[in-house]
Amino acid sequence: QLVESGGGLVQDGDSLTLSCAALGRNIRGWNMGWFRQAPGKEREFVAAISWSGGSTYYQDSVKGRFTISRDNVKNTVTLQMNSLTPEDTAVYYCACHGGSSGLRAATGYDYWGQGTQVTVSS
């Protein structure tokens, strides 16, 4: 089970840190990703990190603002989000990549959290 936390209501330009805790599952050998879904839109890739943490990947719109990291001892994945804008408003999901598709494709992820709401007001 993946459990996200850290969402909330912030203002334009603020920061938030999202956390994903893996309960009952060791994510050490898994690539992990963050996705988001805004109202009326499809779920989209935000960021991913390799199992070792040595490689990271970002959607162009969040590069330089968001940072994904992981702690394989604590079994957690974190998404640090800076310089937030109203366009970042969405439900954010953490997921385990099963390998059937690339890291940027939601279809490649086998396990998902329930999501955490991020709302950025202007």
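The values are calculated or read from the model by the stated rules, or taken from the named source; none is laboratory data. Here the structure is a predicted model, which is why all the values come from computation and not from measurement. In this analysis, Cβ positions are derived from the backbone assuming ideal geometry, glycine residues included, and neighbour counts consider all displayed protein chains. Ligands, DNA and RNA are stripped out before the accessible areas are found, and what is left, the full protein with its side chains, is counted by its heavy atoms. Shrake-Rupley method; radii C 1.70, N 1.55, O 1.52, S 1.80 Å.
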Q) Could you say whether any residue in segment 69-83 is touching a residue at least 60 places away in the same chain (Cβ under 8 Å) and of a type in the set (A, V, I, L, M)? A) yes
Q) Out of all the residues in segment 73-89, which are on the phi > 0 side of the Ramachandran plot and open to solvent by less than 40 Å² (accessible area, probe 1.4 Å)? A) N75
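Please find, within segment 90-118, the residue that is most open to solvent (accessible area, probe 1.4 Å) out of those that are among the polar types (S, T, N, Q) and either touching a Phe, Trp or Tyr at 6+ places or on another chain (Cβ under 7 Å) or in a strand (DSSP E or B) (or both). Even if it seems obvious, please write down each step before you answer.
Restricting attention to segment 90-118, the residues satisfying the condition of being among the polar types (S, T, N, Q) are 100-101, 107, 114, 116-117.
Narrowing the set further to residues that are either touching a Phe, Trp or Tyr at 6+ places or on another chain (Cβ under 7 Å) or in a strand (DSSP E or B) (or both) leaves 116-117.
On the way: T116: 18, Q117: 88 Å².
If we take residues in segment 90-118 being among the polar types (S, T, N, Q) and either touching a Phe, Trp or Tyr at 6+ places or on another chain (Cβ under 7 Å) or in a strand (DSSP E or B) (or both), then Q117 is most open to solvent (accessible area, probe 1.4 Å).
Are any residues in segment 73-87 assigned to a helix (DSSP H, G or I) and touching a helix residue (DSSP H, G or I) at 6+ places or on another chain (Cβ under 8 Å), and if so, which ones? Walk me through it before giving the result.
From segment 73-87, those assigned to a helix (DSSP H, G or I) are 86-87; that's our starting set.
Passing the criteria: only E87.
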Q: Considering only segment 1-72, give the strands (runs of 3 or more DSSP E) lying wholly within it that have at least 2 residues that are modelled with pLDDT of 95 or more, out of contact with any His (no Cβ under 6 Å at 6 or more places or on another chain) and surrounded by fewer than 16 Cβ atoms within 10 Å (Cβ to Cβ).
A: 2-5, 8-11, 66-71
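Kindly indicate whether any position in segment 41-51 is over 14 Å from the mean Cα position of the chain (by Cα) and among the small types (G, A, S).
Residues of segment 41-51 over 14 Å from the mean Cα position of the chain (by Cα): 41-42, 51.
Filter again for among the small types (G, A, S), leaving none.
Scanning segment 41-51 turns up no residue that is over 14 Å from the mean Cα position of the chain (by Cα) and among the small types (G, A, S).
Answer yes or no as to whether D110 is under 14 Å from Q1 (Cα atoms) and free of Cβ contacts under 8 Å to residues at least 24 places away in the same chain. I'd like the intermediate steps shown before the answer.
Details: under 14 Å from Q1 (Cα atoms): yes; free of Cβ contacts under 8 Å to residues at least 24 places away in the same chain: yes.
Here the answer is yes, as D110 does meet what is asked.
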